[in-house]
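See structure below.
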Amino acid sequence: MLGQAPELDRRIWLLAATRFVVTAGFAAVMPFLALHLAVERHYAILRIGLLWTVVGLVSASMQWVAGQVTERMGRRRVLLVAMLLRSVNLALLGWAIGARASFSWIALLCIVNGGMRAFYDPAASALVAALCPRDKRVAAFSLHRVGSSLGWAAGPLAITFAPEAAYSTIFYVAAPITLIAAAAVALLPDSGKVTRRTRLRWSQLAEFRRDRKFVRFLLATLPFFVLQTQMYHMLPLYAAKYLGLDRTQVGSLFVVNGILVVLLQLPAVELIRRVGTAGALVIGSLGYVVAYVGVGLASGYLTLLSCVVLGTLCEIAAVPAHQARVTALAPIDNVAGYVGLGGLVQGIAQTSGPIVGSCLIELTSPSIGWILLALLGVSAALGFRRRRPVR
């Protein structure tokens, strides 16, 4: 179960703890911002939805920029600068909300937050790759995923102990929490050589086209994460609108998801090791096919819950395998660049996923829409599978 986890470099454990702290601070405030803007400030839902789309696109595009900058500045330095700026930005968001600033100011600060958040993953993933051998990377990324899941649970849970606190005040708590994570990163020695290249240009994206194996991997990444994001966006809407589930029942689906990730992510490392990262991605993609066909045929809470459990198991197998696979495909001197480009494609998929899901469900029928979504899992599995060398 915990197999390789205790054997990991202590700096990887420190990075996992940092991810927990950063995620907890973020989860304590940002998921509730849409609710604040819609209910307390009475802004149109369409306007709020457009803002989150822009934030998602900015965050996705900044993933590639972050990867390239990381290779120039160094991993620890990028993590420190991003977290320091993000802490300041959270404090400014608290001020803007408390002062009832205009939507434009709040939107600008949300976009900056999304951009700063995008700088964490490429630098952290490159640092993890540098600190452990390839055969232990799945365990390392799984440990980070547990830290993230615990943070997503701890942030909102902490807020329940202060129900009378003003929403703006919580930002002033989240900001120093992010500084604590920055202080932990400051203890880490940097690793990897800092490259000196020409000025950063978007045309450098064309350099990746020569790596056909990685391009094929990116083409499979797109449908996979369009699928993965449906569980967190379209599934709760579908559950409430078409299956008649109440808020408590919908919320319990996410509780089950979080509990399963925390309990099973590290034990799943051994399974991923046996089937390989490519095999885990294929299994996860095909598992989503079954899960989403089941969602389309679900008749109530229990049948939908079983589909969520299966989807969560697919996520547990595939997401850390995806992270490890990116670092394995990357050349040793450009791990952060590859992680950043992978994050760009993943971000585009997760941003467009709700649009794809809602269009399929609204333009066909709820059941057929989910079945059509499930077919994306087949295309992802075909892209992720290993090709045998031609003899």
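To keep it simple, each residue is scored yes or no on (1) of a type in the set (A, V, I, L, M); (2) not in a helix (DSSP H, G or I); (3) not assigned by TED's automatic domain parsing to the domain that holds Cys359.
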residue: Thr229; (1), (2), (3): no, no, no
residue: Ser252; (1), (2), (3): no, no, no
residue: Val256; (1), (2), (3): yes, no, no
residue: Leu266; (1), (2), (3): yes, yes, no
residue: Glu270; (1), (2), (3): no, no, no
residue: Val290; (1), (2), (3): yes, no, no
residue: Val295; (1), (2), (3): yes, no, no
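Only helices (runs of 4 or more DSSP H) whose full extent lies in the range 58-167 are considered here, and the ones with at least 1 residues that are free of Cβ contacts under 8 Å to residues at least 40 places away in the same chain and not assigned by TED's automatic domain parsing to the domain that holds Thr312 are 75-98, 103-118, 137-159.
A residue that is outside the structural domain of Ala118 (by TED's automatic domain parsing), surrounded by fewer than 19 Cβ atoms within 10 Å (Cβ to Cβ) and touching a Leu at 6+ places or on another chain (Cβ under 9 Å) occurs nowhere in the range 316-329.
Could you please let me know if Leu253 is touching a residue at least 24 places away in the same chain (Cβ under 8 Å), out of contact with any Ser or Thr (no Cβ under 6 Å at 6 or more places or on another chain) and more than 20 Å from Val226 (Cα to Cα)?
Working: touching a residue at least 24 places away in the same chain (Cβ under 8 Å): yes; out of contact with any Ser or Thr (no Cβ under 6 Å at 6 or more places or on another chain): yes; more than 20 Å from Val226 (Cα to Cα): no.
No.
Could you tell me whether any residue of the range 203-216 is closer than 28 Å to Arg11 by Cα and either at pLDDT below 80 or touching an Asp or Glu at 6+ places or on another chain (Cβ under 8 Å) (or both)?
Pass one, the range 203-216, residues closer than 28 Å to Arg11 by Cα: none.
No, the range 203-216 contains no residue that is closer than 28 Å to Arg11 by Cα and either at pLDDT below 80 or touching an Asp or Glu at 6+ places or on another chain (Cβ under 8 Å) (or both).
Quick check on the range 263-278: of everything there that is under 21 Å from the mean Cα position of the chain (by Cα) and in contact (Cβ under 8 Å) with a residue 60 or more places away in the chain, which residue is nearest to Val378 (Cα to Cα)? Across the range 263-278, the extreme among qualifying residues is Ala278.
A search for C-beta distances below 8 Å between a residue of the range 283-312 that is buried (at least 19 other Cβ atoms within 10 Å of the Cβ) and any residue that is of a type in the set (Asp, Glu), counting only pairs 6+ apart in sequence or on different chains, returns Gly284/Glu315.
The values are calculated or read from the model by the stated rules, or taken from the named source; none is laboratory data. For clarity, every value in this text was computed on a predicted model and none was experimentally measured. Ideal geometry is used to build each Cβ from the backbone, glycine not excepted, and the neighbour counts take in all protein chains shown.
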